[in-house]
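These notes are about the structure you will find just below.
The values are calculated or read from the model by the stated rules, or taken from the named source; none is laboratory data. Small disclaimer: the values here were computed from a predicted structure and weren't measured. For neighbour counting, all protein chains shown are included, and Cβ atoms are generated from backbone atoms with ideal geometry for every residue, glycine included. Side chains included, ligands, DNA and RNA excluded: accessible areas come from the protein's heavy atoms. Shrake-Rupley method; radii C 1.70, N 1.55, O 1.52, S 1.80 Å.
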Amino acid sequence: MKWFNYLYTRIVTGDGLRKSRLHTYSGRMIDLAGMAYLPLSVWSVFLLKLFGYRQRRPWLGYRAVKYLDSIIGSDWYILEFGSGMSSLFLAQRCRKLVSIESDPIWYRKMELEFAKFGLSNIDYRFRCINDYAIHSDLIANSFDLVIIDGLVRDQCVNTALEKVKAGGYVFLDNSDVPWDEFKSARETLTDPSIAESIMTFVDFYPFQIQVNESLLVRIKKQ
């Protein structure tokens with residue numbers, strides 16, 4: 001019986017904290033349009049597990065990425081907490097990307113990726129957890145988009161709200177995760193006094209066969 005429960009948990013729910021792999025932690029179930037991206041998710045996992053090949057896709061929801069691609073301007077300044085394939089995606093579309101990373105091994109790997117693609121518009125910063133969200137040299141109200149997908153997300157939201165322009169956007173990935181840090185980040189970002197509009201994405205992601213949730217918040221114009 002124990003092995004059956006274990007298999008059920010792993011296969012059906014993924015981690016035991018959601019109803020199924022088709023549900024977010026908050027209980028939202030992906031819609032039929034979102035199910036169309038399941039084959040892409042499965043294929044990315046197949047390539048990674050069997051051949052060790054990681055597609056150069058942003059590690060964000062497929063539909064969220066599609067929407068971001070439709071709004072990012074070539075003159076945009078973007079701040080990103082948590083680097084990866086999303087950094088390549090963003091840097092190829094904006095004027096300047098400031099990207100923050102906390103893992104030294106991954107930092108060196110991504111430096112090579114940036115050089116390989118000849119990307120010179122990236123201010124790539126290594127930070128430990130103690131100063132991960134602290135960037136006093138960055139000008140307030142100067143970024144068109146801030147993406148939060150790394151450490152201390154509650155602190156990063158506070159930094160994002162300081163650095164983003166009025167009318168700009170803040171994207172919070174994994175906004176449904178039931179941990180205090182994530183809850184605090186979500187509550188701060190979606191406060192009616194801050195958010196002009198809120199888009200929720202319930203999506204499949206590359207490299208994992210389960211549904212996650214993210215928020216794109218447009219900041220009120222002053």
Considering only the range 117-169, how many residues are free of Cβ contacts under 8 Å to residues at least 12 places away in the same chain and at negative phi?
5
Given the conditions (1) open to solvent by less than 20 Å² (accessible area, probe 1.4 Å); (2) in contact with a strand residue (DSSP E or B) (Cβ under 6 Å, 6 or more places away or on another chain), every one holds for ARG28 apart from (1)
Could you grab me the full set of residues in the range 85-97 that are under 22 Å from CYS128 (Cα atoms) and either at pLDDT below 95 or surrounded by fewer than 20 Cβ atoms within 10 Å (Cβ to Cβ) (or both)?
MET85
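Just to check your reading of the model, which residue among SER136, SER120 is modelled with pLDDT under 95, open to solvent by 10 Å² or more (accessible area, probe 1.4 Å) and in a loop (DSSP other than H, G, I, E, B)? Step through it out loud before you land on a result.
Details: SER136 fails: modelled with pLDDT under 95.
Sole residue among the options that is modelled with pLDDT under 95, open to solvent by 10 Å² or more (accessible area, probe 1.4 Å) and in a loop (DSSP other than H, G, I, E, B): SER120.
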Give just the number: which of (1) closer than 17 Å to VAL170 by Cα; (2) charged (D, E, K, R); (3) in a strand (DSSP E or B) does ASP154 not satisfy?
(3)
What number of residues within the range 154-171 satisfy the criterion of being within 16 Å of the chain's Cα centre (by Cα) and open to solvent by 20 Å² or more (accessible area, probe 1.4 Å)?
3
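Yes or no, residue by residue, for (1) open to solvent by 30 Å² or more (accessible area, probe 1.4 Å); (2) touching a strand residue (DSSP E or B) at 6+ places or on another chain (Cβ under 8 Å):
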{"position": "SER175", "(1), (2)": "no, yes"}
{"position": "ASP180", "(1), (2)": "yes, no"}
{"position": "LEU189", "(1), (2)": "no, yes"}
{"position": "SER197", "(1), (2)": "yes, yes"}
{"position": "THR200", "(1), (2)": "yes, yes"}
{"position": "PHE207", "(1), (2)": "yes, no"}
Could you tell me which residue of the range 51-102 is farthest from the chain's Cα centre (by Cα), considering only residues that are assigned to a strand (DSSP E or B) and charged (D, E, K, R)?
LYS96
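Scan the range 167-178 for residues that are among the β-branched types (Val, Ile, Thr) and assigned to a strand (DSSP E or B) and jot them down. Lay out the reasoning, then the answer.
Filtering the range 167-178 down to residues among the β-branched types (Val, Ile, Thr) leaves 170, 177.
VAL170, the sole residue that qualifies.
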Of all residues making up the range 66-88, the number that are among the hydrophobic types (A, V, I, L, M, F, W, C) and within 19 Å of CYS156 (Cβ to Cβ):
5
Among ASN141, ASN174, which is the only one that is at pLDDT 95 or above and under 17 Å from the mean Cα position of the chain (by Cα)?
ASN174
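What number of residues within the range 37-65 are of a type in the set (Gly, Ala, Ser), touching a strand residue (DSSP E or B) at 6+ places or on another chain (Cβ under 9 Å) and farther than 24 Å from VAL157 by Cβ? Give the derivation first.
Taking the range 37-65 as the starting set, the residues that turn out to be of a type in the set (Gly, Ala, Ser) are 41, 44, 52, 61, 64.
Add one more test, that the residue is touching a strand residue (DSSP E or B) at 6+ places or on another chain (Cβ under 9 Å), and what stays is 41, 44, 61, 64.
Of the ones still in play, those that are also farther than 24 Å from VAL157 by Cβ are 41, 44.
So the count comes out to 2.
Give the residues of the range 103-117 that are part of a helix (DSSP H, G or I) and not basic (Lys, Arg), sorted by residue number.
The first filter runs over the range 103-117 and keeps only residues part of a helix (DSSP H, G or I), leaving 104-116.
Answer for the range 103-117, where residues must be part of a helix (DSSP H, G or I) and not basic (Lys, Arg): PRO104, ILE105, TRP106, TYR107, MET110, GLU111, LEU112, GLU113, PHE114, ALA115.
Working carefully through the options GLU213, GLU181, GLU196, find the one that is within 16 Å of the chain's Cα centre (by Cα), of a type outside the set (A, V, I, L, M) and part of a strand (DSSP E or B). Outline the logic, then answer.
Details: GLU181 fails: part of a strand (DSSP E or B); GLU196 fails: within 16 Å of the chain's Cα centre (by Cα).
Going through GLU213, GLU181, GLU196 in turn, the sole match is GLU213.
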So which residues in the range 16-71 are in contact with an Asp or Glu (Cβ under 8 Å, 6 or more places away or on another chain) and hydrophobic (A, V, I, L, M, F, W, C), if there are any at all?
ILE30, TRP59, LEU60, ALA64
